[in-house]
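Visitor: This is the structure I have questions about; it appears just below.
The values are calculated or read from the model by the stated rules, or taken from the named source; none is laboratory data. A quick note: this is a predicted structure, and the numbers were derived from the prediction, not measured. Please note: Cβ atoms are built from the backbone with ideal geometry, for glycine as well, and neighbour counts cover all protein chains shown. Heads up: the accessible areas ignore ligands, DNA and RNA and are worked out on the full protein's heavy atoms, side chains in. Shrake-Rupley method; radii C 1.70, N 1.55, O 1.52, S 1.80 Å.
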Amino acid sequence: MGLTLTEKILKAHIVDGEFVKGTEIGIRIDQTLTQDATGTMAYLEFEAMGIPRVKTERSVAYIDHNTLQNGFENADDHRFIGSVAKKHGIYFSRPGNGICHQVHLERFGVPGKTLIGSDSHTPTGGGLGMIAIGAGGLDVAVAMGGGAYYITYPKVVKIELVGKLKPWVAAKDVILEVLRRLSVKGGVGKVMEYVGEGVKTLSVPERATITNMGAELGATTSIFPSDEITLEFLKAQGREDAYTPLAADADAVYDEELVIDLSALAPMAACPHSPDNVKSVEELGKMKIDQVCIGSCTNSSLADMMKVAHILRGKTVHPNVSLSIAPGSKQVLNMLAENGALADMIAAGARVLESACGPCIGMGQSPNSGGISLRTFNRNFLGRSGTKDAQVYLVSPEVAALSAINGYLSNPTTLGDMPKMEMPEKFLINDNMIELPAPENEADKVEILRGPNIKPFPETFPLENSISCKVSLKVEDNITTDHIMPAGAKILPLRSNIPEISKHCFTVCDESFPSRAKELGKSVIIGGANYGQGSSREHAALAPLYLGVKAVITKSFARIHAANLINAGIMPLTFVNPDDYDKVKEGDDICLENVFDAVEKGEMTMTVGGEKIKLACAFTDRQIDILKAGGLLPYTKQN
Ligand code: MIC
Ligand code: SF4
């Protein structure tokens, strides 16, 4: 029986467990990446492990999220990360060099290798044929120290691409179509593997747009084969040595299949407030808009920017619209400057931002009250833009640019022939903003620069055999990490200070949660389905840990968040009968007895009032040991 590409790469990296779907396996990690919003914590954790030098083939620390720096905190974090990188053998991509995923694709990604990153959009690397997975900071710290990374051996979904995209229809529309069909829960426990003739019609950055936003399916990751298109890209990046051809066997067996006819797709938009709320631009009609933001790790490649510049050339941004553009990397921005496309953007009235995450994470450019914003990003969760009542639509760069000119949502297929956008034969290669680590024999001399806002990892608590406490909060389905631990310019500077950031935990849903939980001392949270979707931020587990949350009980969890809870020593439990969700309210007293036996058996009983409710806790032996130790950090220190 033939193998899928996913299975081939996993097989070459498995170090623990068996090749059985649904069971836990440990894989060797070749590369890691961090960004600054999760990085400070990840490096504090790495330091706490006491390992002098990273054991990966390549680890890179990027600064791209917290670049507004309205206060000393972010700059302090940048300096801390830079110094840790230098000391411990990590490459350091300085602020200004670009968004982690874009730069990693350009300069470091290698087909067939494994990559984990403390950012949920790490699957961008799947565009190059990597198994690239988003993880919590602690998991990345462990991998940097040479430890295995644990995932549930995934199902593999074959997404067969046939035909070719029509002019002005984009890679963004492909992933929006997948999201429309499968929903934000559709990828849980699965890897999306793209195959078929249509694959050959997509460049590496286009493939990366698709694998990037595969994160919004809840998928473990997404992957494309490594073929002559991959070689062409790597050659243009001066990295042809990194190339290996890779594909699934012709007789590979998949768990599920989906066919997408590229030629049948039209421009689409994900409507508020979920990436799977997809409608066609035609269907939505000429909706008046207030803001357009182009950029983010999903859509900020050179080709994307060239299309935008082409549409803007000789035009003026509509008087009622603010247009911002953030090219994804210094390489992209520099090339736009050299070839004149940047001048076209500036002349049209675009507000050109630095190469960073920027508005995607609410770092500036919040829309006006009730504003309608078109964004080429990957997430439009409620409040993420920084304006609570804004309506954010996710679209392709083509739709975004044309709409910015017209002042209303516009369909670019009316533009007629599309000029050919060839990838350059050589990208502009200048790695002068990537700092190399100190040589091993000089590492001792490197001083770690720690700012006053950088606080140690919070206190951890080993699992207790009996837990009696109150329900401090009850929330609905599809709670995102942006609800649990909001981002944005005000809160992001607190990422290296858990006591302070905890004061904002869940305030999007309930302003009084942090003080209530702290007062209770010990509590549990009740949630609906797909709890914790979105970001990899472990702060969404560390803040609850700090606030005394002992267990989160839901209908189901998103993958990375469930892992982060266990890593923080908090039990993720699910209702055996989802209807039991209705039997528990905020403020109820609950009791979990014989917890140690229950976690071994995989089933726990919760007493609420007189009622007994069955909960599932299908933890592996490793996870039970982590919980008993009080989280992954104490567990790793013990082992
Ligand atoms: C995001 O897009 O939500 C982020 C900000 O990149 C996060 C990481 C974080 O919260 O720091 C992610 O996707 O993991
Ligand atoms: Fe940055 Fe946005 Fe990408 Fe997250 S999704 S890494 S915030 S650009």
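Visitor: Please report, for the Cα atoms of the stretch 40-164, the Rg to one decimal and the Dmax as a whole number; what are they, in angstrom?
Guide: According to the Cα coordinates of the stretch 40-164, Rg and Dmax are 15.7, 53 Å.
Visitor: Rounding to the nearest 20 debye, state how big the charge dipole of the stretch 233-292 is about its Cα centre with +1 on each Lys and Arg Cβ and -1 on each Asp and Glu Cβ.
Guide: The dipole magnitude comes to about 580 debye.
Visitor: Assuming 1.567 mPa s and 4 °C, estimate D for the stretch 440-553 with Stokes-Einstein, Rh taken as the Kirkwood radius over Cα pairs, in µm²/s.
Guide: Approximately 84 µm²/s, per Stokes-Einstein.
Visitor: Measuring with a 1.4 Å probe in the full set of protein chains, what accessible area per residue, in whole Å², belongs to the chain?
Guide: 35
Visitor: Can you tally the net charge around Arg313? Count Lys and Arg as +1, Asp and Glu as -1, for every other residue whose Cβ sits under 12 Å from the Cβ of Arg313.
Guide: Charge balance near Arg313 sits at +1.
Visitor: Once fully extended, how much extra length lies between Lys583 and Asp241, figured as 0.36 nm per residue of separation less the alpha-carbon to alpha-carbon distance?
Guide: 117.2 nm
Visitor: So for the stretch 95-177, Kirkwood radius off the Cα pairs, Stokes-Einstein at 37 °C and 0.692 mPa s: how many µm² s⁻¹?
Guide: Diffusion coefficient, whole number: 221 µm²/s.
Visitor: For the stretch 503-617, what is the convex hull volume of the alpha-carbon atoms per residue, in Å³?
Guide: Hull volume over Cα atoms, normalised by residue count, gives 102 Å³.
Visitor: Keeping all protein chains in the complex and leaving out DNA, RNA and ligands, what accessible area do you get for Glu216 with a 1.4 Å probe, in Å² to the nearest 10?
Guide: In the full protein context, Glu216 sits at about 10 Å².
Visitor: I need the Kirkwood Rh of the stretch 248-392: take the reciprocal of the average 1/r across all distinct C-alpha pairs and report it in angstrom. Kindly include the intermediate steps, with their values, before the conclusion.
Guide: On the way: mean 1/r = 0.0599 Å⁻¹.
Mean inverse Cα-Cα distance, inverted, gives 16.7 Å.
Visitor: Percent of Cα-Cα pairs more than 13 Å apart in the stretch 306-355, please.
Guide: 52
Visitor: Please express the shape of the stretch 163-292 as an equivalent ellipsoid: the semi-axes are the square roots of 5 times the eigenvalues of the C-alpha gyration tensor, given largest first in whole angstrom.
Guide: 27, 18, 14
Visitor: Between Glu519 and Gln69, what is the FRET efficiency for a Förster distance of 35 Å, r being their Cβ-Cβ separation, to the nearest 0.05? Kindly include the intermediate steps, with their values, before the conclusion.
Guide: On the way: r = 34 Å, r/R0 = 0.98.
The pair Glu519/Gln69 has a calculated efficiency of 0.55.
Visitor: Please give the FRET efficiency for Ser369 paired with Met1, using the beta carbon to beta carbon distance and R0 = 51 Å, rounded to the nearest 0.05.
Guide: Numbers: r = 58 Å, r/R0 = 1.14.
Efficiency, rounded to the nearest 0.05: 0.30.
Visitor: Now for a separate question. What is the diffusion coefficient of the stretch 405-451 in µm²/s, taking the Kirkwood radius over Cα pairs and the Stokes-Einstein relation at 25 °C with a viscosity of 0.890 mPa s?
Guide: Diffusion coefficient, whole number: 142 µm²/s.
Visitor: Taking the Cα centre of the chain as origin, sum charge times position over the Cβ atoms of Lys and Arg (+1) and Asp and Glu (-1), and report the length of that vector in debye to the nearest 20. Please report the intermediate quantities before stating the final value.
Guide: Numbers: 63 positive and 76 negative charges, 197 e Å.
In total the dipole reaches around 940 debye.
Visitor: Separate question: Let me test this: with uniform point scatterers at the alpha carbons of the stretch 1-74, what is the Debye-based log₁₀ I(q)/I(0) at q = 0.12, 0.14, 0.16, 0.18 1/Å?
Guide: Values, matching the q order: -0.54, -0.68, -0.80, -0.89.
Visitor: So how strong a dipole does the stretch 276-384 carry about its Cα centre when Lys and Arg Cβ are +1 and Asp and Glu Cβ are -1, to the nearest 20 debye?
Guide: That gives a dipole near 140 debye.
Visitor: While we're looking at this one, here's another question. Testing the spin-label approximation: label points 7 Å from Cα along Cα→Cβ at Ala250 and Lys55. State their distance in nm.
Guide: It works out to 4.2 nm between the two label points.
Visitor: Right, here's the next one. Any idea what log10 I(q)/I(0) is at q = 0.17, 0.19, 0.24 Å⁻¹ for the stretch 373-485, Debye with uniform C-alpha scatterers and no solvent?
Guide: Result of the Debye calculation: -1.08, -1.15, -1.32.
Visitor: Still on this structure, please answer the following. Across bins of 10 angstrom width beginning at 0, how are the C-alpha pair distances of the stretch 312-426 distributed, in whole percent?
Guide: Answer for the stretch 312-426: a P(r) of 13, 42, 36, 9, 0 percent.
Visitor: What is the sum of charges, Lys and Arg at +1 and Asp and Glu at -1, for the other residues whose Cβ falls under 14 Å from the Cβ of Gly146?
Guide: Details: positive: Arg28, Arg53, Lys55, Arg58; negative: Asp16, Asp30, Glu57, Asp139.
Net charge in that neighbourhood comes out at 0.
Visitor: I need the fraction of alpha carbon pairs in the chain separated by more than 46 Å, rounded to a whole percent.
Guide: Result: 12 percent of Cα pairs exceed 46 Å.
Visitor: While we're on this one: Name the residue from Gly602, Val204, Pro272 whose Cα lies farthest towards the positive end of the charge dipole of the chain, charges +1 on Cβ of Lys and Arg and -1 on Cβ of Asp and Glu.
Guide: Pro272
Visitor: For Glu476 and Leu436, what is the calculated FRET efficiency with R₀ set at 56 Å and r taken between the beta-carbons, to the nearest 0.05?
Guide: E between Glu476 and Leu436, to the nearest 0.05, is 0.70.
Visitor: Additional query: On the Cα set of the stretch 136-217, report Rg and Dmax in Å, please.
Guide: Using the Cα atoms of the stretch 136-217, the pair Rg, Dmax is 15.2, 47 Å.
Visitor: Got a number for the accessible area of Arg94? Probe 1.4 Å, square angstrom, nearest 10.
Guide: Roll a 1.4 Å probe over it and Arg94 shows about 90 Å².
Visitor: From a point 7 Å beyond the Cα of Lys315 in the direction of its Cβ, which residues of the stretch 345-362 have a backbone N at a distance under 13 Å?
Guide: Correct set: 345, 348-350.
Visitor: Given the stretch 535-599, report the % of alpha carbon pairs whose separation exceeds 15 Å.
Guide: That fraction is 57 percent.
Visitor: Now a separate question. Can you give the Rg and Dmax of the stretch 237-329 based on its C-alpha atoms, in angstrom?
Guide: 18.8, 56
Visitor: Now for a different question. What is the distance, in nm, between label points placed 7 Å from the Cα along the Cα-to-Cβ direction at Ala343 and at Thr414?
Guide: 3.1
Visitor: Sorting Lys11, Lys86, Lys172, Lys55 by accessible area (1.4 Å probe), largest first, what list results?
Guide: So the residues, ranked largest to smallest area, are Lys55, Lys11, Lys86, Lys172.
Visitor: Would the stretch 466-533 count as rounded, prolate or oblate if I go by the C-alpha gyration tensor, calling it rounded below 1.5 in a/c and otherwise prolate when a/b exceeds b/c, oblate otherwise?
Guide: Oblate.
Visitor: Could you please put Lys8, Lys550, Lys585 in sequence from largest to smallest accessible area, using a 1.4 Å probe?
Guide: The ranking, largest first, comes out as Lys585, Lys8, Lys550.
Visitor: Among Ser226, Gly238, Gly285, which residue has its Cα furthest toward the positive end of the charge dipole of the stretch 208-316, with +1 on Lys/Arg Cβ and -1 on Asp/Glu Cβ?
Guide: Positive-most Cα among the choices belongs to Gly285.
Visitor: Next up: Along the charge dipole of the chain, Cβ charges K/R +1 and D/E -1, which of Ser93, Ala489, Thr152 sits furthest on the positive end?
Guide: Most positive-ward Cα: Ala489.
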